[in-house]
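Everything below concerns the one structure shown next.
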Amino acid sequence: MDAESLLLSLELASGSGQGLSPDRRASLLTSLTLVKRDYRYNRVLFWGRILGVVADYYIAQGLSENQLAPRKTLYSLNCVEWSLLPPATEEMAAQTAVVKGRFMGDPSHEYEHTELQRVNEGDKAFEEEVVVQIKEETRLVSVIDQIDKAVAIIPRGALFKTPFGPIHINRTFEGLPLSEAKKLSSYFHFREPVELRNKTLLEKASLDPSLDFMDSLEHDIPKGSWSVQMERGNALVVLRSLLWPGLTFYHTPNTKSYGYVYVGTGEKNIDLPFML
Amino acid sequence: MGDQPPDPEYPSRQPWSRQGSQSSEPRRSRELSQPQALSEEARQMLLSEAQASQDTRSSLPRHSLRWSQGAGLPPDGNLPMMAPDARATSLEYSTGLGFPPEFQGYASEGRVSAGEHTTQLLLQQLQQGSGGFFQQFESPYQDPRANLGQFGFYPREEQFGEDTPHGPYLRDDPALPFLPSDLGFVPFHVEMPEPHARELAVQNAKAYLLQTSVGCELSLYEHLVNLLTKILNQRPEDPLSILEFLNRTTQSEWFHPKVDTLQDDPEMQPTFEMAEKQKSLFSRGGGGGEGEQEMEEEVTETVVPNIMEAAFYFQQGGVGLSADESFRIFLAMKQLAEQQPVHTCRFWGKVLGLSRSYVVAEVEFREGEEEGEEEEGEELLEGGDVLEPHGEEEAEEDEEKAADALPQPTWRPPPATPREESRTGANKYLYFVCSEPGRPWARLPHVTPAQIVQARKIRKFFTGHLDAPVLSYPPFPGNEANYLRAQIARISAATHISPLGFYQFGEEEGDEEEEGGAGRDSFEENPDFEGIPVLELVDSMANWVHHAQHILPQGRCTWVNPLQKTEEEEELGEEEEKADEGVEEVEQEVGPPLLTPLSEDAEIMHMSPWTTRLSCSLCPQYSVAIVRSNLWPGAYTYAIGKKFENIYIGWGHKYSPDNFNPALPAPAQQEYPSGPDIAEMSDPTVEEEQALKAAQEQALAATEEEEEDEEEDEDEETDD
């Protein structure tokens, strides 16, 4: 959610039950403004909160002018001091895939994972148990990246692509109409498109290249991994992800307010196919 | 704003001055550069035309054409730099129309040389006091627009605009060293056609624009008129960057005009309905209208607790629904309390579902209130049980009659564990759900132990509809209402906690021994509870206790021996009884007794099942203690002083660090026990038969010899 409309956004996203306490809100409002100034971001988003056993991580993201450029991620334990996280790499993803369980809440905590590694010493080749230490910070980075790639969404028309390349916020976005707001095809993944290239020409013919340049949620696998609900007496549409429980996206139809926030344990719901 | 139209000579000086100042500045336009020599000559042409013109209607187009032909102004490269100057000068000449500044605004983008051209043209027009031009602006904005639209803001877009002898448009002449269409104008040395040909060209251009588009009645001309009207009316900031959007919306507005104010917007219908329903929540119950509201009325006690206070404290911990939602829930529960005979009620929480969510209220009926719906359910169950023994008796009779009866299956379904009585154990409270405050409340049925046992084995999302089937393996006995009730029971039993000492056992309870080790199952509030300091609550889990009974693996809170037969089952033949006895000896299941502290709870993978926090680390003096369950994500409890409350907001599933493994299907059942009667044996071969026969003969011979021997022995003995 945009840091500028933090309070309203938190109210709208409160249907999922988790939000922020007043002291956190106050500290966020001030600290995110400072982050925006110090790091020279075009826009700062409050991404969410990852619940750890001992402490919680508060995550923010900074965007540059081009909305689809890789975002910078910052974390804080107390909503006052923010530290920049390194960008996610594939190695990190592979490394942290073996870690299970909750986040501890301590960024320097190290998970121990024993692996069998083949060690070649001269002519002998034997397997040795190696204890690999994975830092929680690495895990945090890769989890945030996975969540972003999988379930960060944006309504259709909120961003538009100029012929010169950069993607801007559409200042004349008036919100989705009510009939469109309930359809999954009106929401896009807030990331570089992956499936768009695979579409046939026939499908692409009806797309508007300045608006439809991202993947829509329609073809997400598994089907049904989004829960679309109307709250507040049909005045608010809320999408909740079932793959990463805790991700809530809200949008008030016919207005400009929209956003998403993640408040959860940072664990993927692998049992999703059984649960549908 | 200086409104004095300056003398006609001024315009001639103006481009000069601008030209002079601008020539030194670097060019930043992307258009091709022009030889400087063009400017003076073209300017002269322009001036002569400007002064000579009297026909206002065609003057502008003529000018525009001239401009577009003759590079009447400084080369393109310098144009963008004219923006600041032009803006400055335009202020002096502004006629209150505000038109030039807009164009200045466009020009400031740096991409619109045409805007500049237009500006200057129009300025000149205005300065000449051509009132007709002015009028053209005021009235339907038709022609100026058309002409503006004609050459547009992007010179490249409009391919036409140059005069040629043969027709209105100069197509790209390959003889020219550069493409006129790229330039946006025709270089000065091309001949200019006669005035009447120009009029013809204008009319042709306009006719082309008025062509209606395929499939609709809108022509480009009208569309551009609408578009520019809209822009001028709304005056958006930075209209160039939103040009495409404006284009699209203007088109769509043409085809989808705004709905008449008298008609209701069909899209908003559900919103209005919901708002109506919620409005009824806000009206005070029964009685007279507002005029009869008396302040002397006693403020009666209400059974609904102070939900707003609980919501406030939860919000301190970052949990819970928004304040207005909590208030609506409070009103909805008040409505529920009026409709049902409620003794106490509590907001239990919210269970999220796929298409709708459930708002759950925990309710206790007044003493003696019958739950009518439940009795019907019980009768059905009992009827079913009665039918079974009859069926079996008939089968036995048949068996006796038939000579060769099929073997009866010896498997009997295990006896169902009886459901707990209302107001005890897992059924201590009644639960009402609604999908949103304002909608009617629905009551959830009581939970049976079988449902709890099965609910432990499956993991399904709630859809939001109470009558949806729960498709799972092992099959869940019931629909979503039962599954929801079972999950609510599990969550309550696991996560309802209170500070140590808040509840105590009543003094009138008998000893534990009398109750057969089942433990005490009731408690009452401790009037002497002093409250535990928040810091201590956060530090140690021993300061919290469960006040909900633990559910045994059997599915009940108090253990029941499944082998105890009810009276109906004893009517069965005695054969089955004897078979069952002695086969199983079920151990009594024991769970932790009531009011056990949380420190006794089992860990999840070396992690404590509870997390405690102070709500605000910056002001510990006024903080609230928040306890979060790691076993049931979404269950929270707050406590401060003598107040505490539990809530659950979540999906309704337990946390498990391992993946969910669905139960495998049971192995195929055996039809018959294998034994010699039905086991297939291979026939003996010929050799075996012969061997057997030989052996038998030998045996026979051996016995005969023995008999003979015995007879001989006897004979011998008798002889002696």
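For segment B:630-652, a residue qualifies if it is facing another protein chain (nearest Cβ under 8 Å) and touching a helix residue (DSSP H, G or I) at 6+ places or on another chain (Cβ under 8 Å), and exactly one does: B:Ile649.
From the residues in segment B:596-629 that are in a loop (DSSP other than H, G, I, E, B) and touching a residue at least 40 places away in the same chain (Cβ under 8 Å), which one is farthest from the other protein chains (Cβ to nearest Cβ)?
In the first step, residues of segment B:596-629 are kept if they are in a loop (DSSP other than H, G, I, E, B); the result is B:596, B:601-603, B:605-606, B:608-609, B:615-619, B:623-624.
Filter once more, keeping what is touching a residue at least 40 places away in the same chain (Cβ under 8 Å): B:596, B:601, B:605, B:608, B:615-616, B:623-624.
Numbers: B:Thr596: 22, B:Asp601: 14, B:Met605: 6, B:Ser608: 7, B:Ser615: 6, B:Cys616: 5, B:Ser623: 9, B:Val624: 9 Å.
Step by step, filter segment B:596-629, then rank; the result is B:Thr596.
Please work out if A:Ser179 is hydroxyl-bearing (Ser, Thr, Tyr), at negative phi and more than 14 Å from chain B (Cβ to nearest Cβ). When the stated conditions are applied, A:Ser179 does not pass them.
Residue pairs whose Cβ atoms lie under 6 Å apart, sitting 6 or more positions apart in sequence or on different chains, and linking a residue in segment B:674-698 that is at pLDDT below 85 to a partner that is not in a helix (DSSP H, G or I), are B:Ile678/B:Tyr672. Hey, can you tell me all the residues within segment B:318-331 that are in contact with a Leu (Cβ under 9 Å, 6 or more places away or on another chain), buried (at least 20 other Cβ atoms within 10 Å of the Cβ) and not in a helix (DSSP H, G or I)? Hit for segment B:318-331 is B:Gly318, nothing else. If the condition is being away from chain A (no Cβ under 14 Å) and not β-branched (Val, Ile, Thr), then segment B:305-320 contributes B:Pro305, B:Asn306, B:Met308, B:Glu309. Comparison of B:Ser615, B:Ser656 shows that the only residue that is of a type in the set (S, T, N, Q) and either surrounded by 19 or more Cβ atoms within 10 Å (Cβ to Cβ) or in contact with a helix residue (DSSP H, G or I) (Cβ under 7 Å, 6 or more places away or on another chain) (or both) is B:Ser615. Of all residues in segment B:440-484, those that are within 26 Å of the chain's Cα centre (by Cα), closer than 23 Å to B:Glu364 by Cα and in a helix (DSSP H, G or I) total 5.
Residues of segment A:2-20 that are outside any helix (DSSP H, G or I) and either buried (at least 23 other Cβ atoms within 10 Å of the Cβ) or within 7 Å of chain B (Cβ to nearest Cβ) (or both): A:Gly17, A:Gln18, A:Gly19, A:Leu20. Taken over segment A:50-90, residues that are in a strand (DSSP E or B), in contact with a Gly (Cβ under 6 Å, 6 or more places away or on another chain) and within 14 Å of chain B (Cβ to nearest Cβ) amount to 2. The number of residues in segment B:338-361 that are more than 9 Å from chain A (Cβ to nearest Cβ) and surrounded by fewer than 19 Cβ atoms within 10 Å (Cβ to Cβ) comes to 6.
Looking at segment A:221-235, can you tell me whether even one residue there is β-branched (Val, Ile, Thr) and surrounded by fewer than 20 Cβ atoms within 10 Å (Cβ to Cβ)? Scanning segment A:221-235 turns up at least one residue that is β-branched (Val, Ile, Thr) and surrounded by fewer than 20 Cβ atoms within 10 Å (Cβ to Cβ). Just a yes or no: is a residue in segment B:421-439 within 17 Å of B:Tyr358 (Cβ to Cβ), in a helix (DSSP H, G or I) and modelled with pLDDT of 90 or more? No, there is no match, as no residue in segment B:421-439 is within 17 Å of B:Tyr358 (Cβ to Cβ), in a helix (DSSP H, G or I) and modelled with pLDDT of 90 or more. Taking the conditions (1) in a helix (DSSP H, G or I); (2) at pLDDT 85 or above; (3) within 11 Å of another protein chain (Cβ to nearest Cβ) in turn, A:Ser185 satisfies each one other than (3).
Within segment A:266-276, the set of residues being within 27 Å of B:Val470 (Cα to Cα) and either facing chain B (nearest Cβ under 8 Å) or assigned to a loop (DSSP other than H, G, I, E, B) (or both) comprises A:Glu267, A:Lys268, A:Asn269, A:Ile270, A:Asp271, A:Phe274, A:Met275, A:Leu276.
Checking each residue in segment A:21-49 for being of a type in the set (S, T, N, Q), within 14 Å of chain B (Cβ to nearest Cβ) and part of a helix (DSSP H, G or I) picks out A:Ser27, A:Thr30, A:Ser31.
All of (1) of a type in the set (S, T, N, Q); (2) more than 20 Å from the chain's Cα centre (by Cα); (3) assigned to a strand (DSSP E or B) hold for A:Asn234 with one exception: (3). Taking segment A:220-263 as the range and being under 16 Å from A:Lys149 (Cβ atoms) and either at the interface with chain B (Cβ under 8 Å from one of its Cβ atoms) or in contact with a Leu (Cβ under 6 Å, 6 or more places away or on another chain) (or both) as the test, the residues that pass are A:Ser225, A:Trp226, A:Ser241, A:Leu243, A:Phe249, A:Tyr262.
The values are calculated or read from the model by the stated rules, or taken from the named source; none is laboratory data. Quick caveat: nothing in here was measured; it's all calculated off a predicted structure. Note that we place each Cβ from the backbone using ideal geometry, even for glycine, and neighbour counts take in every protein chain shown.
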